[in-house]
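Input: a single structure, listed below in structure tokens.
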Amino acid sequence: MNSIADFLFEMGMLCKTPRSGYQFLGSGRESVAEHVLRTVYTGYALCKLNPSLNELRVLKMCVLHDLPEARTGDMNYVNKKYVQVDEAKAVRELTESLSFGNDIRQAIDEFNAKETMESRIARDADQIALILQLKEYGDLGNKYSEEWIQYALQRLCTEEGKKLAARIIQTDSSHWWFKEKNDWWINGNSR
């Protein structure tokens with residue numbers, strides 16, 4: 001139980017670990033945990049577009065893919081040009097005392113290998129989570145977000161992911177909130 005308690009406290013670091021690329025975008029911020037949450041919901045939605053997928057495996061990869069960042073921090077694309085992160089060591093040391101550590105290692109390894117349809121869907125969910133964030137910032141006026149979106153779109157590898165991303169970039173990020181402009185917005189009364 002001690003190792004599980006330690007693991008759960010360590011996972012709390014993901015809430016405190018910033019996604020570092022936003023400093024280059026010039027606006028926005030997000031913790032690794034916030035990114036993981038959106039990745040999980042995106043992976044869930046992508047699974048619903050393709051019932052042949054093993055949903056549990058996809059969601060497990062979505063939940064666990066950035067787990068090593070509790071130890072390594074988030075490395076953006078500029079950082080990665082200059083800093084070598086030993087993710088394998090972080091995963092090994094993070095999981096070695098856990099009775100379910102092998103399960104975590106297998107999910108992260110599958111995600112990184114990009115060989116299964118489930119791993120490609122999970123990777124697309126990871127990129128679409130970024131695209132969603134960038135679209136929101138672009139809708140709020142960040143002039144660089146569109147260029148970043150174009151790079152993220154090139155990283156997508158499934159038809160489901162490409163179709164969903166295409167719809168996302170055509171949708172105003174506040175549409176869900178404002179789609180029913182009725183009396184509520186004037187008087188606080190619903191229909």
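Bear in mind these aren't lab numbers, they're just calculated from the coordinates by the rules spelled out. Computed from a prediction, not measured in an experiment: that's the story for all the values here. In this analysis, Cβ positions are derived from the backbone assuming ideal geometry, glycine residues included, and neighbour counts consider all displayed protein chains.
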Just want to confirm a number: the relative contact order over the chain, from Cα pairs under 8 angstrom separated by 6+ residues, in percent. 21
Give me the compactness ratio for the range 2-173, meaning the Cα radius of gyration over 2.2 N^0.38 Å. 1.03
In degrees, nearest ten, helix 159-170 long axis to first principal axis of the chain (Cα): 40
Nearest 10 degrees, 0 to 90: what angle lies between the long axis of helix 32-49 and the longest principal axis of the chain (Cα atoms)? 70
Within the range 1-30, chymotrypsin sites (Phe, Trp or Tyr not before Pro) in DSSP loop having at most 11 other beta-carbon neighbours inside 10 Å: none
Work out the length of the dipole vector of the range 2-173 about its Cα centre, built from +1 on the beta-carbon of each Lys and Arg and -1 on the beta-carbon of each Asp and Glu, and round it to the nearest 20 debye. 320
Long pairs among Lys16/Lys80; Lys48/Lys81; Lys48/Lys179; Lys48/Lys89, criterion Cα-Cα beyond 32 Å: Lys48/Lys81; Lys48/Lys89
Working from Cα positions, state the angle (0 to 90°, nearest 10) between the long axis of helix 2-11 and the longest principal axis of the chain. 40
Run the dipole for the range 103-191 about the Cα centre, Lys and Arg Cβ at +1, Asp and Glu Cβ at -1, nothing else charged, and hand back the magnitude in debye, nearest 20. 260
Using the count of nearby Cβ atoms within 10 Å as a rough guide to exposure, how do Asp109, Asp183 rank from fewest to most? Asp183, Asp109
